[in-house]
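First comes the structure, then the notes that go with it.
Readers should treat all values here as calculations from the given coordinates under stated rules, not as data from a laboratory. These numbers come from a predicted model, not from an experiment. Cβ atoms come from the backbone with ideal geometry, glycine included; neighbour counts cover every protein chain shown.
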Amino acid sequence: MKFFCIKFKVALQYFYLGMCLVLCAGNTAFVAAQWSDTPVDIEPAVSELPPSLKKTAVKGGESTPKPQNDTLFSRYFVDQRNAEGFHICANFSLNGVDSILGEIERLERDLKNFLALPRRNELIEIFLFESEASYLNFLKNEFPTAPCDRRALFIKQKGMSGIVIMQLTKEIDDDIRHEMTHALLHACYSDIPLWLDEGLAEYFELSPEKRANEKPYIKKAMNNFIFVKTAPSIKRLENIQEIFAFGIKEYQESWAWVHFLIHRSSKTHQLLAGYLATVGSGKSVDSFEKYLSRTVPDYKSQYVDHFKNWKDFQISVSKENIIR
């Protein structure tokens, strides 16, 4: 079954421990050219960031607090590991999980480099379950209102660090990148528009060399101009406030706008990073549609052209697309 990222918000008086959930998942790439496994070392788009955030946009790595959730759920786990900014718990031996840690560390570097993420002081906790049965049992007992038809979830409890909950499957690498995109974004920013949160997660869930060209949505976006000949409405996406209103169409369109913004030009790429930093800091800001139209008045026609000519463009793309 196709896996889509979820951001699930519940504010219920009777909810377990008064928790407020945000359940998510995601993907992204940066240049349209072929990628190596090593992220490009680039300068963040600090020129587009608010002055108060410029000092924190370049370097990461502040000390993080101790785990907050592992003691609540310790009876489920037999092993744990600490990494810089992460705490991993599992109901199986974590010997040989270096590949998972490698994916997480590379993803965080990608997000810092490509989106100019600021420093984060928040620890991210990762709960791994060896089987579907143990994963579902944990959700049933601890988060009974959470959807149980997904392989992985990101849960953000009010006033506590975020938790990524996953079961081991053959899609573990994509799942961890998707969910950790949500976790890293929410560890850095107080507020992220739903469409952008999901679009970024969808974009970054693939490995770097696949992000630009191998997402199944790419064919849909490239064929869209043939049938519709116009860009999907950003305003419509911005008006969707609940994840339950997000279907396949909304995930596809959110991903497509992120792809356009990252790959179209350095201007659109910097605009994306600047908007994310501004709205994520809680500052009042116009809708993204207005924000984009001021800088790129013909963004709709550029969107159509972007996907119409993507095959030709990806061959000739250069380092001009990298934020400097």
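Quick notes
- A protection proxy built from the mean count of other Cβ atoms within 10 Å ranks the segments 243-253, 267-277, 143-153, 175-185, most packed first, as 175-185, 267-277, 143-153, 243-253.
- Under 5 Å from the amide H of Leu117 lie the amide H atoms of Lys112, each residue being 5 or more positions distant or on a separate chain, with H modelled from the backbone and absent for Pro and chain starts.
- For region 157-242: rounded, prolate or oblate by the Cα gyration tensor [a/c cutoff 1.5]: oblate
- For Phe129, nonlocal amide neighbours, meaning residues 5 or more places apart or on other chains whose placed amide H falls under 5 Å from its own, are Met166, Gln167, Leu168.
- DSSP-assigned coil residues among chymotrypsin sites (Phe, Trp or Tyr not before Pro) in region 83-120, each with at most 15 further Cβ atoms within 10 Å: Phe92
- Annotation: amide H of Asp79 within the under-5 Å range of Ala90, Phe92, sequence separation 5 or more or interchain, hydrogens built in the peptide plane.
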